Amino acid sequence: ALERGEIIVIVGPSGTGKSTLLRCINFLETPDAGHLTVGDLSFDATQATREQILALRRRTAFVFQNYALFANKTALQNIAEGMIVVDGMPKAKAYARAREILERIGLSHLAHKLVGQLAHGERQGVELGIVLTGDPELILLDEPTAGMTHEEVHRTTEMIREINRTASLIVVEHDMQFIKAIANKVTVFNQGSILVEDTMENVLKNQEVRDVYLGKREVA
């Protein structure tokens, strides 16, 4: 269970279903069983209607590992694009909102840089900026620090903390220092099920769970 304002990080060996769980929460994959509750929206995942799924997606946002950004557009243009094309927002209002978001996450200096010229961590920041245009209650992040330098991980940590002021987050991640910096709770996955959910401190005190977290072995 994720309480409002919390960050839960999902960890565990490769192939145990961490990313699949994340995708099922947003119905990018259809769950086989379970019940979903986000805010005042609650329903049986196996009987979800199209309207319920759309309502869920209005409350949530999924950040992909390889987001389809427009390399020939600036960071500002990428963030404003959806608000203009999809939401029908006037350009001036969309660009003003995009500037607010870039300033909020500490990337206002990138506003007029082409995305194709940005470093990996900076592009991840633009992706997070796009997500924030929808004011989601819940943000789902799949390996947000993959391929990042230490400095980029630090900047992403600061962005996540800022975003957490208005949204809860579920994150699939492997970088221990990043997890320690952001997580309220850690969920350890093993063979498609939750082995334990606790604070990072308590997870790492349990040697059996620690072994699973570090990917040394699986527990039958």
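Structure values in brief
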quantity: Hits in segment 1-20 - residues which are assigned to a helix (DSSP H, G or I) and open to solvent by less than 60 Å² (accessible area, probe 1.4 Å); calculated: Lys18, Ser19
quantity: Hits in segment 111-126 (condition: open to solvent by 20 Å² or more (accessible area, probe 1.4 Å), touching a strand residue (DSSP E or B) at 6+ places or on another chain (Cβ under 8 Å) and assigned to a loop (DSSP other than H, G, I, E, B)); calculated: His112, Lys113
quantity: Extreme residue, nearest to the chain's Cα centre (by Cα), among residues of segment 31-73 that are farther than 30 Å from Glu122 by Cβ, assigned to a loop (DSSP other than H, G, I, E, B) and in contact (Cβ under 8 Å) with a residue 12 or more places away in the chain; calculated: Gly39
quantity: Pair list, Cβ under 7 Å, 6 or more apart: segment 151-170 residue touching a residue at least 24 places away in the same chain (Cβ under 8 Å), other residue open to solvent by 90 Å² or more (accessible area, probe 1.4 Å) and not β-branched (Val, Ile, Thr); calculated: Ser168/Arg4
quantity: Whichever residue in segment 43-69 is aromatic (Phe, Trp, Tyr) and under 19 Å from Asp142 (Cβ atoms) and, among such residues, is least open to solvent (accessible area, probe 1.4 Å); calculated: Phe62
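A quick yes/no check of all residues on (1) polar (S, T, N, Q); (2) surrounded by 13 or more Cβ atoms within 10 Å (Cβ to Cβ); (3) in contact with a Ser or Thr (Cβ under 6 Å, 6 or more places away or on another chain):
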residue	(1), (2), (3)
Lys91	no, no, no
Arg97	no, yes, no
Ile101	no, yes, no
Ile105	no, yes, no
Leu128	no, yes, no
Leu141	no, yes, no
Thr157	yes, yes, no
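The values are calculated or read from the model by the stated rules, or taken from the named source; none is laboratory data. Worth saying up front: this structure is predicted, and the values here are computed from it rather than measured. When we count neighbours, we look across all protein chains shown, and the Cβ atoms used for this are built from the backbone with ideal geometry, even at glycine. Just the protein is used for accessible areas: all its heavy atoms, side chains included, with ligands, DNA and RNA removed. Shrake-Rupley method; radii C 1.70, N 1.55, O 1.52, S 1.80 Å.
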